[in-house]
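Trainee: Following this message is one structure expressed as structure tokens.
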């Protein structure tokens with residue numbers, strides 16, 4: 001395998017891994033915002049998690 005081919009493969013691998021990392025983080029953020037629950041009635045001795053609840 002030539003040095004130029006090895007360099008291209010290394011760059012391609014780095015780009016793919018970076019893209020996978022960015023996609024995984026975007027998915028994590030998306031799921032985190034979509035999974036927020038609404039207001040629920042807290043126990044009488046506890047404050048609600050959100051001030052608007």
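Trainee: Taking the chain as the reference, fit the longest principal axis to its C-alpha atoms, fit the long axis of helix 3-34 to the helix C-alpha atoms, and give the angle between the two in degrees, 0 to 90, nearest 10.
Mentor: With both axes taken from Cα atoms, the answer is about 10 degrees.
Trainee: Mind ordering 35-47, 18-30 by average Cβ neighbours within 10 Å, highest first?
Mentor: For the peptides 35-47, 18-30, the packing ranking is 18-30, 35-47.
Trainee: Let me ask something else. When the C-alpha atoms of the chain are aligned to their principal axes, what extent does each axis show, in angstrom, from largest down?
Mentor: Its Cα atoms span 71, 16, 13 Å along the three principal axes.
Trainee: Oh, and also: Sticking with the crude label model, points 7 Å out along Cα→Cβ, report the distance from residue 20 to residue 3 in nm, one decimal please.
Mentor: 2.8 nm
Every number here is computed from the coordinates shown, using simple stated rules; none is lab data. Computed from a predicted structure; not experimentally measured. FYI the Cβ positions are ideal-geometry reconstructions off the backbone, even for glycines, and counts take in every protein chain you see.
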